[in-house]
Amino acid sequence: MNIKTRILVFVILFEVLAYSTLQIFNTLIYKQALDEFKQGEIRAVFNTTISKINSLTQSMEQSVIDLAINGEALYQLRHTNHLSTDAISALAQSTLIKKFSSFRQAMGGGLWYQPYVIDNQTRYFGPYVFRDEQDNITFTWDLNTPEYDYLNQDWYRLAVDNDWGRKQPDFRATFWTEPYRDGAGSFSLMMTVDAVMVDSRQEPIGLATVDWSLAQITRFLDSIRVTENAIPFLFHRASGLILSYPADVSLVMESTTQLPWAAPLIQRPHQAGINQISALQHSDNLVFYQTTEQGFVFGSLVPQSDLRRAVDEVSRLTLLTGSAIGLGFILLMIFILRALFSPFDQVLSTIKRSISYGKNKQVMLNQVEYDKKNEFTPIITALNDVYHQVKTYVSEIEQTNAQLMASQQEVRQLNAMLEKKVALRTAELETKTKEVTDSLERLRRTQQQLVENEKHASLGRLVAGVAHQINTPLGICVTAASMLENIAKTVHDKAVTGKMSKNEFNQAHEKIMQSAELLSENLQRATNLITSFKQVAVDNDKQQNRWFNLCEYIDSILLSLRSRIEQTPHRIECQYEQEIRLFASPGALAQILSQLVENALTYAFDDTRPGTITIGVSQQHETLNIKVSDDGCGMPEAVRKQVFDPFFSTSKEQLGNGLGLHIVYNLVIQKLGGDIRCDSEPGSGTTFTISIPLSKESEPESQHQ
């Protein structure tokens with residue numbers, strides 16, 4: 001690509017980039033302006049609609065409150081002025097007809113009194129009016145029957161089950177029912193609002209109700225379109241029902257779960273003002289919605305295509321106009337560049353003719369003939385000088401190339417010999433490496449087998465000791481059970497023959513109680529031994545981290561080792577500065593302490609005098625220290641330095657395989673993440689100090705309890 005073409009391409013790319021940037025900028029400006037305009041339109045529509053819904057609901061509440069006050073007045077007239085029941089009925093009829101004749105938004109309503117508050121002979125007293133098909137107000141007592149039983153209707157129980165609204169902070173307690181279909185014949189969508197009637201002592205005497213038809217408000221909402229293709233909707237938040245959805249009228253009075261995008265609107269907490277959801281899965285719609293004071297959710301599904309249409313039209317016009325201007329600019333630049341680059345083309349053509357190719361594509365440089373006097377003349381002169389120097393350098397390079405090719409041939413021969421030697425040495429090294437790897441693997445398996453043998457031997461000693469300990473209480477239990485059997489047989493025989501005296505019966509009873517107490521104590525002792533052994537054995541098997549009481553667990557370990565200790569004249573003392581709860585592997589700790597005690601009993605003492613093994617537990621800041629010491633013979637420095645080495649043992653009879661303390665060392669370092677130190681001198685005993693960092697995570701409350 002020549003310079004002229006590059007400049008032309010640069011100009012075209014620059015123009016395209018500038019035009020694209022301008023187009024994007026304009027689109028963003030138009031989109032922002034249109035969004036603000038549409039937001040204003042949507043806000044205005046929502047404010048008007050929500051105001052109308054709130055106005056209707058407030059009108060309903062005020063109407064039912066006024067009706068409740070009239071109902072309370074009728075109650076006062078009945079009991080203060082001692083009006084007859086017929087007079088109260090006539091006043092109730094007049095009041096209801098007058099009230100609902102002027103309140104056309106209501107389909108009906110009534111005054112529903114508690115049993116016997118108007119007349120001690122009348123359980124149901126509920127005058128009611130409704131609008132018939134000709135929109136006339138009709139008064140009726142037809143709902144004052146045991147079959148209808150308005151006292152147990154859902155709209156009446158709503159107030160009763162909520163303690164008559166005593167916890168409501170409003171002046172008058174009101175309740176809204178969930179939407180329902182009128183079952184009297186119109187099947188229209190309705191809601192009922194209740195107001196509590198109270199006497200002079202603020203005790204409830206009944207309810208005033210107003211039935212609100214939602215047909216008018218749903219027809220009004222169905223006609224609202226915030227954009228050309230927008231779809232309005234109306235939900236009831238408390239019940240989760242769809243009250244209006246023109247896109248599919250079959251969903252009216254169905255759950256909002258039928259619309260996947262509607263569930264979040266019901267589940268989200270109430271927020272004032274207009275809310276927007278812009279990320280609907282598999283949909284190009286935006287959702288605008290607002291919640292009213294009485295729990296209605298009004299909103300609209302707005303297609304984003306409606307909002308983008310105006311931007312697309314402006315962008316299309318701008319694109320066509322800009323494309324025409326850009327094409328004219330490119331044509332103009334082509335003409336200007338051709339005129340400007342004409343001298344350059346002539347010079348380049350002259351230089352090109354000065355270069356030719358000989359045999360074997362060898363480059364031939366000829367002197368450039370240029371007779372014009374302009375800004376290119378010095379360049380042509382310098383170029384001829386360069387041609388002369390190039391010819392000289394080319395001759396020297398050809399000689400050097402010949403020498404280089406000879407050297408390369410020698411290098412290739414040396415490389416071939418070197419590759420053969422490297423391949424031979426590599427084969428020998430791989431053979432030796434394989435032999436070393438196989439030997440190391442055999443050694444690792446042997447060491448692992450020895451470690452497992454040591455673990456099983458330790459568990460075997462534990463089982464034997466616990467079996468010995470359990471044998472004694474179980475033997476006592478067998479003796480006590482045999483005694484109980486003999487006493488029971490003797491008592492039964494004497495009781496059958498009638499020869500048993502009261503004194504003999506009391507003596508037999510006392511022996512039975514003593515045998516039972518002896519049996520219970522020894523069974524409990526055996527149970528404690530088995531529980532301790534079971535916990536230690538399970539912990540040794542699983543070795544998983546958990547929270548446990550360190551001091552109690554050490555006592556359990558020593559209990560399982562009691563038989564081994566009692567076979568010797570030695571004893572163990574425990575020194576606990578405080579109670580400590582530890583998050584670690586109890587199995588690892590049991591194996592460590594068991595091995596240290598066994599090691600001390602085997603190597604630390606002789607048979608001349610009894611010895612003492614002391615286990616101490618203390619805490620310093622975030623570190624737990626466990627010391628296992630004895631007052632035995634101690635060990636020299638040479639032995640102390642090798643005490644944790646694998647397969648090291650001072651026993652000449654080879655009682656062990658020399659892995660006991662090596663296993664202890666590995667468990668402390670790897671399993672508990674701590675450190676172990678051995679301090680000993682001949683004649684001064686031996687002390688093993690284990691330091692374990694305490695876990696910083698908090699113990700679960702349930703586990704601690």
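Determine the shape class of region 211-273: with a ≥ b ≥ c the square roots of the Cα gyration tensor eigenvalues, call it rounded for a/c under 1.5, and otherwise prolate if a/b is greater than b/c, oblate otherwise.
It comes out rounded by the Cα gyration axes.
Expressed in nm to one decimal, what extension gain is obtained for the pair residue 377 and residue 612 from 0.36 nm per residue of sequence separation less their Cα-Cα distance?
Computed gain between residue 377 and residue 612 is 73.4 nm.
For region 576-658, give the percent of accessible area contributed by carbon and sulfur heavy atoms, probe 1.4 Å, rounded to a whole number.
Here it works out to 47 percent.
Take the Cβ-Cβ distance between residue 420 and residue 351 as r, set R0 to 56 Å, and report the resulting FRET efficiency rounded to the nearest 0.05.
Plugging the Cβ-Cβ distance into 1/(1 + (r/R0)^6) gives 0.55.
In nanometres, what is the gap between the two model label sites at residue 248 and residue 293, each 7 Å from Cα along Cα-to-Cβ?
Each label point lies 7 Å from its Cα, and together they span 3.4 nm.
Cα-Cα over 22 Å: which of 52/98; 352/391; 98/167; 489/511; 352/373?
Correct reply: 52/98; 98/167.
How much area per residue is accessible in region 538-695 when the probe is 1.4 Å and only protein heavy atoms are counted (Å²)?
It amounts to 48 Å² per residue over region 538-695.
Around residue 286, which amide H atoms from residues at least 5 apart in sequence, or from another chain, sit under 5 Å from its own amide H, with H modelled in the peptide plane?
Counting only residues 5 or more places away or on other chains, the set is 302, 304.
Report the label-to-label distance for residue 123 and residue 581 in nanometres (one decimal), using points 7 Å from each Cα along the Cα→Cβ vector.
6.1 nm
Quick one: length gained pulling residue 482 to residue 140 fully straight, 0.36 nm per residue minus the C-alpha distance?
Here the answer is 114.1 nm.
Based on the mean of other Cβ atoms within 10 Å per residue, sort peptides 169-178, 384-393, 189-198 so the most packed one is first.
Ranked by mean Cβ neighbours within 10 Å, highest first: 189-198, 169-178, 384-393.
Let me check something: with ligands and nucleic acids excluded, how do 212, 261 order by accessible area (1.4 Å probe), largest to smallest?
261, 212
Arrange the peptides 150-156, 203-209, 571-577, 663-669 so that the one whose residues have, on average, the most other Cβ atoms within 10 Å appears first.
Top to bottom by mean Cβ count within 10 Å: 203-209, 663-669, 150-156, 571-577.
For a Förster distance of 30 Å, can you work out the FRET efficiency between the beta-carbons of residue 430 and residue 410, rounded to the nearest 0.05?
About 0.45, to the nearest 0.05.
Give me the percent of the accessible area of region 39-93 that comes from carbon and sulfur atoms, probe 1.4 Å, all protein chains in place.
The C+S portion of the solvent-accessible surface of region 39-93 is 52 percent.
At a Förster distance of 56 Å, what's the computed FRET efficiency of residue 6 paired with residue 229, Cβ-Cβ distance as r, to 0.05?
Rounded to the nearest 0.05, the efficiency is 0.65.
What distance in nm lies between label points placed 7 Å from Cα along the C-beta direction at residue 337 and residue 506?
For the pair residue 337/residue 506, the computed spacing is 13.2 nm.
Under 5 Å between amide hydrogens, which residues at least 5 positions from residue 243 or on another chain qualify, with H placed 1.01 Å from N in the peptide plane?
Here 234, 235, 236, 253 satisfy the definition.
Using a probe radius of 1.4 Å on heavy atoms only, what accessible surface per residue do you get for region 55-194? Whole Å² is fine.
52 Å²
Shape call for region 603-646 from the C-alpha gyration tensor, a ≥ b ≥ c root eigenvalues: rounded (a/c under 1.5), prolate (a/b greater than b/c) or oblate?
oblate
For residue 624, which sequence-distant residues (separation of 5 or more, or a different chain) have an amide H within less than 5 Å of its own amide H, given hydrogens modelled in the peptide plane?
For residue 624, whose amide H was placed from the backbone, the distant partners under 5 Å are 692, 694.
The values are calculated or read from the model by the stated rules, or taken from the named source; none is laboratory data. Note that the coordinates shown come from a computational prediction; the quantities given were computed from them, not determined experimentally. So basically every Cβ, Gly included, is an ideal-geometry build from the backbone, and we count neighbours across all protein chains shown. We work out accessible area using only protein heavy atoms, side chains counted, and drop any ligands, DNA or RNA first. Shrake-Rupley method; radii C 1.70, N 1.55, O 1.52, S 1.80 Å.
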